[in-house]
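The values are calculated or read from the model by the stated rules, or taken from the named source; none is laboratory data. No experiment lies behind these values; they were computed from the predicted model shown. All Cβ positions, glycine included, derive from the backbone under ideal geometry; neighbour counts span all protein chains shown.
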Amino acid sequence: MKLKKLWKIFAGIVILLFLGAGTYAGYIYSQAESTVNSDMHEPITSIDHEETKKKVEAKERLNVLLMGVDERAGDRGRSDTLIVASIQPSNEKTNMVSIPRDTRTTLGGEEPESGREDKINHAYAFGGVDMAVDTVESFLDVDMDYYVRINMEGLVELVDAVGGVTIQNDLAFSRGDQNFPEGEITLTGDEALEYVRMRKQDPNGDLGRNERQREVIKGVVEKAASFSSVNKVQGILDVMGDNVKTNADFDTLQMLFKDYRASGRNIDTYQLSGNGVMIDGIYYMQVPDAEIAKAQSLIKE
């Protein structure tokens with residue numbers, strides 16, 4: 001169920017690009033197209049875009065790597081959330097596989113760190129999106145067609161752009177000078193960032209943090225979708241342009257929205273699991289071959 005929420009978030013971000021369906025349709029459409037193509041569109045060498053284009057035109061299965069990145073000033077950060085979404089239009093279905101960030105694997109790419117055993121989320125820290133894609137492709141033996149990278153640091157601007165978000169908090173905790181009581185709470189941008197970064201006090205660790213990230217972004221999407229003001233929508237587009245990157249251009253997003261959105265109605269989700277191990281004083285998640293095979297079967301189904 002948790003991964004279904006992330007699909008809704010991803011779909012919601014795409015929907016935000018088409019908010020100009022009413023009075024301001026022409027203006028917002030033009031601004032959305034400019035934002036995507038000028039600010040968000042970022043091709044990478046590790047994905048064969050010509051091959052992907054053929055798949056889209058033939059409406060074949062597509063694999064999308066969704067990355068939630070905690071990127072700060074002067075630091076590329078790490079990919080704290082890694083999910084492979086296999087979108088299958090032929091049977092209107094999507095299989096989603098979540099990869100724990102501490103998963104131990106061989107790093108791909110062509111960076112100096114390539115080929116060594118390390119945590120999978122370090123691939124992004126060493127070589128950006130290209131190395132992250134290469135590493136996930138090697139780990140699961142599948143090809144990626146698209147990626148979507150969301151900078152979680154941008155939550156501050158995004159939450160403030162929509163005037164704050166109201167969520168249901170299931171775990172009371174404090175972080176820094178912020179207190180988050182159990183129940184319905186309303187967050188500003190700075191509060192939302194502290195809220196989604198907490199991990200050590202959560203009995204579910206990274207899974208709990210990822211759930212809070214999804215809840216906040218979901219709240220942003222739902223609130224933004226209700227806006228009719230050009231100024232507010234423009235502000236949201238500006239924030240997205242600064243914090244969301246993808247190798248899909250505006251025309252491709254339109255095509256995906258039209259031909260693939262039905263696949264989001266039937267979603268199977270899977271969380272890779274393994275055994276925690278300490279190697280040279282560092283904690284890793286060791287994922288068994290049987291688990292990897294299960295993930296591969298879901299993606300290649």
Residues I87, I99, I44: which one is farther than 25 Å from S263 by Cα and at pLDDT 85 or above?
I44
Just wondering, is there one or more residues in the stretch 103-117 that are at pLDDT 90 or above, of a type outside the set (G, A, S), within 15 Å of the chain's Cα centre (by Cα) and surrounded by 20 or more Cβ atoms within 10 Å (Cβ to Cβ)?
no
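For (1) of a type in the set (S, T, Y); (2) under 28 Å from R209 (Cβ atoms), each residue gets a yes or a no:
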residue	(1), (2)
S30	yes, no
K55	no, no
S90	yes, no
M96	no, yes
G108	no, yes
N121	no, yes
G127	no, yes
Would you mind stating whether T103 is touching a Phe, Trp or Tyr at 6+ places or on another chain (Cβ under 9 Å) and closer than 24 Å to R199 by Cβ?
yes
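Looking at the stretch 271-289, can you tell me whether even one residue there is assigned to a helix (DSSP H, G or I) and in contact with a strand residue (DSSP E or B) (Cβ under 6 Å, 6 or more places away or on another chain)? Lay out the reasoning, then the answer.
Kept after step one, since they are assigned to a helix (DSSP H, G or I), are these residues of the stretch 271-289: 289.
In the following step, the residues that additionally are in contact with a strand residue (DSSP E or B) (Cβ under 6 Å, 6 or more places away or on another chain) were identified as none.
Looking through the stretch 271-289, none of the residues is assigned to a helix (DSSP H, G or I) and in contact with a strand residue (DSSP E or B) (Cβ under 6 Å, 6 or more places away or on another chain).
Let me confirm something: among E60, E71, which residue is outside any strand (DSSP E or B) and either more than 16 Å from the chain's Cα centre (by Cα) or under 26 Å from R199 (Cβ atoms) (or both)?
Values: E71 fails: outside any strand (DSSP E or B).
Residue meeting the stated conditions: E60.
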